[in-house]
Amino acid sequence: MIPVKGYAAPQAKIPLGPFKFERREVGPHDVQIEIQYCGVCHSDIHQVRDEWGGSIFPMVPGHEIVGKITKVGDHVTKFKVGGLAGVGCFVDSCRTCPSCLAGLEQYCDVGMIGTYNGRDKEGHPTYGGYSNQIVVDENYVLHVSDKLPLAGVAPLLCAGITTWSPLQEWKVGKGHKLGVVGLGGLGHMAVKLGASLGAEVTVLSTSATKKVDAEKLGAHHFVVTSDPEQVKAVQGTFDFIINTISAQHEYNFYLQLLKLDGTMILVGVPPEAPQVSAFNLIMKRRRLAGSLIGGIKETQEMLDYCAEHGITSDVEVINIDYINEAYERMIKGDVRYRL
Ligand code: NAP
Ligand code: ZN
Ligand code: ZN
């Protein structure tokens, strides 16, 4: 077994602290990665606080992992020792269901095996990237370019792919007006990727102070949602809205901003069930949709696109012993834009 130093939440709503554990030896198809950076996703907070239910403790969060390959199994063909690699939100799936065969492992019929807060095929809990080593089957590992600053690449493994996948699925690009709701980790990637794909991007934010940043990130317009005049001006105008809000909010408020046949895609996962007025959908044949991270193939395509176009996340690098304060800042929306 491989000894690992990590950071874990012992129970829901208890601060994280140092935690030693072991990972499996490198098997014939495995890659061992020395973790250099791991992004902090709002899903980490939802899960360590058991806001979605069913959390497994102790929990070592973290699913935006990048690092250096230190060992590979005898049958590994895609990765070499010394190279860079990434691991996202899942580390295995059934591999045989229609979703897995289609490269949509995130929608596996049996259930993907989460990088943390999951159970592997032997029933052991999985531990994530708030740690110094990880061992993952090569089929669930991504190639990472050495051309981009590595810290800024880590958040692409969740925030990047989660916003890229709906942009691809709905073919968002030139000629589309795209609203991005919530300028946090996911939101700032939606702005960068949406603008890069040619969409006209408007950020809809509760934080007036993020206007300057929104424009630097590539947004064409900024609406502060507390200003009724600014909101009225965008009523019925968007082809697509990507909604990244992590807390309870009024879905109807944003649905009204869609034009005829417009689609709001939920990627944010507030713990509370939303209320949706049928009128807001039927009057303009609007659609309400959702999207979950992305498959391995699409994640690799996104990483390659970002390497080619010089796209990374705007990050503030912290030490793991700052994680409890980091969570408090994220809840306040006080992060620019990924820790
Ligand atoms: P984050 O960095 O904390 O950003 C969330 C943003 O939402 C905040 O910066 C804030 O933006 C806005 N916001 C927060 N509370 C709000 C409220 N009560 N009303 C209106 N706006 C509010 O979080 P994240 O890491 O981007 O994650 C966002 C959500 O996506 C989380 O629920 C997370 O679990 C989920 N997620 C889903 C997937 C998926 O596969 N679908 C993947 C990853 C994460 P402003 O200051 O601009 O208003
Ligand atoms: Zn995430
Ligand atoms: Zn499957």
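Any read-out appearing in this document is the output of simple, stated calculations on the displayed coordinates, not a laboratory observation. Just so you know, these numbers come straight off a predicted model, no measurement behind them. Here Cβ is always computed from backbone atoms with ideal geometry, including for glycine, and neighbour counts include all displayed protein chains.
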Discussion item. Give the average over all directions of the projected area of the C-alpha convex hull of segment 119-172, one decimal, in nm².
Written reply: 5.7 nm²
Practice prompt. Apply the Karplus parameterisation 6.51 cos²θ - 1.76 cosθ + 1.60, with θ equal to phi minus 60°, to every residue of segment 48-54 and state each ³J(HN,Hα) to the nearest whole Hz, in sequence, with x for glycine and proline.
Written response: 5, 8, 6, 6, 9, x, x
Worksheet, complete the sentence: For segment 81-95, Karplus-derived ³J(HN,Hα) couplings (6.51, -1.76, 1.60; θ = phi - 60°; whole Hz; x for glycine and proline) come out as 4, x, x, 9, 8, x, 9, x, 7, 9, 10, 5, 7, 5, 6
Worksheet item: Got the relative contact order for segment 182-339 handy, in percent, Cα pairs under 8 Å and 6 or more residues apart?
Response: 19 percent
Response to the item:
Sorted by chain and then number, the residues having a modelled amide H within less than 5 Å of the amide H of residue 115, at least 5 places away or on another chain, are 90, 91
Fill in: Cβ charges +1 (Lys, Arg) and -1 (Asp, Glu), total dipole of segment 209-329, debye
740 debye
Discussion item. Given contacts defined as C-alpha pairs under 8 Å and at least six residues apart, what's the relative contact order of segment 7-71, whole-number percent?
Written reply: 46 percent
Fill in: Size of electric dipole in the chain: Cβ of Lys, Arg +1 and of Asp, Glu -1, about Cα centre, debye, nearest 20
540 debye
Response to the item:
Going residue by residue through segment 271-283, the Karplus relation 6.51 cos²θ - 1.76 cosθ + 1.60 with θ = phi - 60° gives ³J(HN,Hα) values, rounded to whole Hz and with x marking Gly or Pro, of x, 7, 6, x, 10, 10, 7, 4, 4, 5, 8, 6, 5
Worksheet, complete the sentence: Once the dipole of segment 100-145 is set up from charges on Cβ (+1 Lys and Arg, -1 Asp and Glu), the residue from the list 101, 115, 136 lying farthest towards its positive end is 115
Worksheet item: Considering amide H positions built from the backbone, and no H for Pro or chain starts, which residues 5 or more places from residue 263, or on another chain, come under 5 Å of its amide H?
Response: 240, 241, 287
Fill in: Per residue convex hull volume, Cα atoms of the chain, in Å³
129 Å³
Item to complete: Take 158, 97 and order them by how many other Cβ atoms sit within 10 Å, fewest up front.
Response: 97, 158
Fill in: Range in the chain, longest, excluding exposed trypsin sites (Lys or Arg not before Pro) [loop by DSSP; at most 11 other beta-carbon atoms within 10 Å]
175-284
Practice prompt. Work from the charge dipole of segment 291-339 (Cβ charges, +1 for Lys and Arg, -1 for Asp and Glu, about the Cα centre) and give the residue of 323, 302, 312 farthest towards its positive end.
Written response: 323
Item to complete: Would you look at the GNM of the chain, springs on alpha carbons closer than 10 Å, and say which of 250, 64, 316 moves the most?
Response: 250
Worksheet item: Using a simple charge model, +1 on the beta-carbon of Lys and Arg, -1 on the beta-carbon of Asp and Glu, nothing else, what dipole does segment 30-91 show about its Cα centre, in debye to the nearest 20?
Response: 280 debye
Item to complete: Treating cross-link reach as a plain straight distance, find the aspartates and glutamates whose alpha-carbon is under 16 Å from the alpha-carbon of residue 5, omitting any fewer than eight places away in the same chain.
Response: 22, 25, 34, 321
Practice prompt. Would you mind checking 174/210; 216/284; 13/216; 174/332; 210/232 for any pair whose Cα atoms are more than 28 angstrom apart?
Written response: 216/284; 13/216; 174/332
Worksheet item: Per the Debye formula with a single identical scatterer at each Cα and no solvent contribution, what log10 I(q)/I(0) holds for segment 146-303 at q = 0.10, 0.12 Å⁻¹?
Response: -0.33, -0.47
Worksheet item: Taking the Cα centre of the chain as the origin and placing charges on Cβ (Lys, Arg +1; Asp, Glu -1), which of 73, 52, 281 is farthest toward the positive end of the dipole?
Response: 281
Practice prompt. Taking amide H positions as placed in the peptide plane 1.01 Å from N, state which residues far from residue 49 in sequence (5 or more) or on other chains have amide H under 5 Å from it.
Written response: 13
Worksheet entry | Average projection area in nm² (convex hull over Cα atoms of segment 218-339, one quarter of hull surface) | 9.9 nm²
Worksheet item: When DSSP beta bridges are limited to those with both residues in the chain, what percentage is antiparallel, rounded to the nearest 5?
Response: 55 percent
